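Read the structure below first, then the notes.
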Amino acid sequence: MRKNIKGSFRLHQSTTTTIGKIITYILLIFFSSIFVIPLLWMISTSLKDPSLIFVNPPVWIPPEITLDNFRSGLRLMLPSFQTLFSNTIIVTLLIVFGSLFSSSIVGFAFATFPARGKNILFLLVLTTLMIPPQVTLLPQFVFFNRLGWRNTWYPLFVPHFFAMPFFVFMFRQFFASIPRELFDSAEIDGCSPFGLYWRIALPLAKPAFATAGIFAFLGGWNDLLTPLVYLSDMKKFTLSLGLANFQSTSWTYLQYLMPMALLAVIPIIILLFFAQKYFVQGVVTSGIKG
């Protein structure tokens, strides 16, 4: 009797678990399709004849794949796509380097060195996350304009060399999870404070750097507001601003706009595809210790 009860209970538990997994997968597929369908439509529009774009019902898989839309879009873009791409690469790499270097040092200091009022200061840093960037946009513009940085790339990447609050929080959480004994033994051997960061903490923080690097890359690559405010010379435009300018002049020609948008998205897809393991690992390990 007891065996039958245990067997039926296990069967019921197994059935409940299976149903829960099925529901979870259905929900994941549904919500994932919300984000994937626009990307698939952009790819489809880029590769099919313009006459098939607005037909009803939509043609998702074109009968003939053509690359003429890419050639015409590259020819019509002003400035050239190569110029926009190289500008974006330079600015984004500077943003990533500045954000990782400055934020990791500040986060390491908060996590490692004892000081009076450190927690209060860290709390003040976190409160800046609640300030919308639009609030500080005008005073920053006045400040950078007086420095003569208008129509230059400096306002786009220089602020990132002074630590970003979200990355400071992320690095602080990660470095706080490293055993303090490692730093104590290194200090006994005569290691300097910067040596603790460079020789001990830095080699262990690859997941955190990968995660913060992805966020910084996405933020710099997709940023439209900052280039729009400060840049007026088209030769200095980034991809996001160049695409916005192209859209304002050729918005009715989706067969040309979609291929250019697709080319701008491809580097992000490649980055996330190869770095997703480090991204997940960094998110998990950064929240181990408060």
Taking Lys118, Lys236 and counting other beta carbon atoms within 10 angstrom, the fewest-first order is Lys118, Lys236
Neighbour-count ranking [beta-carbon atoms within 10 angstrom, fewest first] of Met42, Met77: Met42, Met77
Across Ser177, Ser80, Ser248, the residue with the highest GNM fluctuation in the chain (Cα network, 10 Å cutoff) is Ser248
Of the DSSP H helices in the chain, the ones reaching 27 Å or more along their long axis in Cα terms and averaging at least -0.5 in Kyte-Doolittle hydropathy are 2-47, 81-112, 254-285
Within the under-14-Å Cβ sphere about Thr152, not counting Thr152, Lys/Arg +1 and Asp/Glu -1 give a net charge of +3
Not counting the cut sites, what is the longest span of the chain without chymotrypsin sites (Phe, Trp or Tyr not before Pro) that DSSP labels loop and that have at most 15 other Cβ atoms within 10 Å? 61-250
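Where a number appears in this text, it was derived from the coordinates with a stated rule and is not lab data. Given the structure is predicted, the values throughout are model-derived calculations rather than measurements. Counting neighbours? That spans all protein chains shown, and the Cβs are built from the backbone with ideal geometry, glycine included.
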